[in-house]
1. In degrees, nearest 10, range 0 to 90: what is the angle between the Cα axis of helix A:379-389 and the longest Cα principal axis of chain A?
2. Using θ = phi - 60° and the Karplus form 6.51 cos²θ - 1.76 cosθ + 1.60, what ³J(HN,Hα) does each residue of the stretch A:396-411 get, whole Hz, x for Gly and Pro?
3. For A:VAL534 and A:ASP365, what does the FRET efficiency come to when R0 = 45 Å and r is the distance between their Cβ atoms, rounded to the nearest 0.05?
4. Using every Cα-Cα pair within the protein assembly as shown, state what percent have a distance larger than 55 Å.
5. For B:LEU177, list long-range residues whose amide hydrogen, built 1.01 Å from N in the peptide plane, is under 5 Å from its own amide hydrogen.
6. Quick one: what are the phi-derived ³J(HN,Hα) couplings along the stretch A:71-85, Karplus 6.51/-1.76/1.60 with θ = phi - 60°, whole Hz, x for glycine and proline?
7. Once the Cα atoms of helix A:127-146 and of chain A are each reduced to a long axis, what angle between those two axes, in degrees from 0 to 90 to the nearest 10, is obtained?
8. Keeping all protein chains in the complex and leaving out DNA, RNA and ligands, what accessible area do you get for A:ARG140 with a 1.4 Å probe, in Å² to the nearest 10?
Amino acid sequence: MSRRSFVTTTNDPIIGIDLGTTNSLVAYADEAGPHLIPNPDDSNDFLLPSVVAFHEAGNVLAIGREARSHAVERPLTTIHSVKRLIGRGAADLTQEARRLTYPLKSHSSEAGRDIIAVKIGDRRFTPQEISAMILVELRRWAELHFQRDVTRAVITVPAQFDDAQRQATRDAGAIAGLDVIRIINEPTAAALAYGLNRAEQATIAVYDFGGGTFDISILRLEDGVFEVLATNGDTHLGGDDLDHGLIGLFTREIADSLGVQIASPAIRQQLRTLAENVKMQLSDEDVANVEIALPPSLTRRGTGEVYPPVSPLGKGGGSEAVTCHEIYRRKITRGEFEDMARPWVDRTIEACGRAMKTAQLNPADIDQVVLVGGSTRIPYVRQRVSEVFQRRPYTALVPEHVVALGAGVQASILAGVKRDVLLLDVTPLSLGIETMGGAVGKLILANTKVPCRASEMFTTFKDGQTSIKINVLQGERELAADCRSLGVFELRGIPPMPAGIPKLEVTFLIDQNGILNVSAKELRSGMEASVQIVPTHGLTREEVCKMQAEALAHAREDMSAHHLIDVRTTLEFDLNKAERMIHQFGRLLEPRELRRLLQQVNELRDLAKISNNAEELNRRREEFDRAVLPLAEMAMSETLKEEATKM
Amino acid sequence: MRMSPAPENSARRCPQCDAQLNNWIACDSCESLFDVDRPVTHFELFDLPQGFGIDHELLSRAYRKLARRVHPDRFADGSERDRELATRLSARLNEAFQTLRDPVRRADYLLTQLGGPTAAECREVPGSLLAEVMEIREKIEEAKSKGDSSSFEALHEAITARRDSTIHGIEALCAKLDGAPGETGRELRKLLNSMKYFDNLLSDLAGDPLSKSTVSVAP
């Protein structure tokens, strides 16, 4: 076999993470195939709700299922659907913000930047930091599962995510202490999960309708290579929209029949839960009952918008609650729900048509249709997908699990465990630069295979100019203002020359993760220019590092893997302290004793570098501390003596 | 005009393991990657004869085979150099594949390889084109002001048909290309230049620039 199969892959496992709008999962794959890693508290539970609940002061109360249970009583500090916010700015989210039960604030007031954060107490958390908390929890599951450190991960994103959203996801990983070695597209991951044991050729359509995003990808599988032919979709179209359709219906009817406007975040949260349940019920049944008890203060007519604390539905124990609550009640049929869902489902079906057009395929050319994401449980969605592709979708795997399983497969490909499969993906959006008059000069078109590269020449227009600013954009529109700005890239270090003389070649490279890398070279001098980036919707490297440190400081201490780091840090601290004492008071020791201590310091330093055994390191540290004790005592009494002579 | 890389290729050996090299960018035996040491054409990269007629099945197979060798996912644990080179070679490979796969891009590339004229050297379009485009544009405006969907469809069909016939013209001229492009090359360049007019008309017609279908993408 080849050389590389003998170069052993590093032993620490690589995990695959589906960081979802509603739920997140973690998986890995071995020779037998991909496996989900369960919640350590419940081996049948693989879904971590992507929800973080905070105390009012801003410290974390709970993550996951428990956090979700706080949603009604703590609507302002229970953060859900953060994936809809990641890598986006306030300007993108005016629609979104109205739906959230929690408030959004601007994170950075710097010019040219538009980063949002969730405000809790006096603290502000960017979506990256909240996502990192979810990732830390998944990492904990994996570390308990493997009984060892986990530092490397593959994370999935919707295929339609732009550069800023991908970068932000990677930053979330970094804040969580994970080296994100690959970002892969969710539909592609799903195809990997399905296509494991198929040696044959097939053209596969992956219809991925999740909580917050919709993707359609068409892939060709041949010789073990998954080649994405086309991808299309919408990062703001998901099951959440159907929920909000129902919420809107209920809210209107409550307003009409009871004359109240619902403004309370708690009731909105209650309606959200109700809508989710109704939607799920209608997947199995033809009719669902809707019932919600409104607190009396709300139903006093004519009071307008009220904002009272609310006891959640179902508690109902207090007698006055039973007598005073006004009840909103109705039945809703599957047909009514389908009518309501139609516009959103129409949009997904149109995207399927566009993807087939890009791939230059007809429905008859598609061999298999794979359903991914919780929203594909809706019978109406399945029916429409069957119609557009003229075939029954394939649903052997649980739609909520498929993406994570595929991420696990990709992790095993990267680890060298699985070598017969390869993914060839495309960039979902066109990349361009702002040209004169606010137009966009396209450099890389949507659906180009990645990695891909484009170069463009620039020059100066002032004598002696040493820097150039380029506004880099992603999107399909003709005007820069209608596309997403990825940031201003400032090329610095251009040798001073008369205007128009420098020949600056700027290379835009979109890597296999769909993430942009920019480099620049002045061709006359051969000098590399440095590229300074002000990310419009993203974090700078310094900000990520700072958040990483903060995340560590605030992390809950139950994480076994961090134990080793702690032991190392303590050992390092003790060694440094001992060295200072040796330096200052070593003369008080016997020369033989002094040599022995110095030798121990060196030995332990080396050991700390190579050993991963926290117990051993801790034991050796304690031994060393005992060995240093006599010196420490001498140092102490010496210091006291010095103090005494000063007085 | 045929410049098959085969003879030269067979003489090349891997500097790492001395195995015979079957392509320009990676060793099949020890999986080392190579910076392409001389300008290799897209055709040479896939070991295909240079010419417009192309065996798509061979091209796809060669592409997948090379992609397996040079994709960065194969070097996740590799050195910084290997990862950087894998990304660069993959970008090069993807560019070559997408150029050869699409008839218009292939014709453009072939013409440039054979000595031009390039798009920068010849900006002409066939004589009647501009008048024709003006006329279609007027019809589009008319249809837009009326909001008449049937005339939209008719226009779409007409422009697509004109675009297709231009592609056929390109293919026919390419078949005639042999050695120095000369006058055939000039005619070919004019037809290639006219492609973007049809693409622009189609995107004008689609109106909503959000629609991805307006972005022309290699097949």
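The values are calculated or read from the model by the stated rules, or taken from the named source; none is laboratory data. Please read these numbers as outputs of a predicted model, since none were measured by experiment. Reconstructed Cβ throughout: ideal geometry from the backbone, glycine too, with neighbour counts over all protein chains shown. Accessible surface is based on the protein model in full, side chains and every heavy atom, while ligands, DNA and RNA are left aside. Shrake-Rupley method; radii C 1.70, N 1.55, O 1.52, S 1.80 Å.
1. 90
2. Whole-Hz 3J(HN,Hα) from phi for the stretch A:396-411: 5, 9, 5, x, 6, 9, 4, 5, 5, 4, x, 4, x, 5, 4, 4.
3. After rounding to 0.05, the efficiency reads 0.50.
4. Roughly 21 percent, once rounded to a whole number.
5. For B:LEU177, whose amide H was placed from the backbone, there are no distant partners under 5 Å.
6. 4, 6, 7, 10, x, 7, 10, 10, 9, 10, 6, 5, 4, 6, 9
7. 70
8. Near enough 40 Å² of accessible area.
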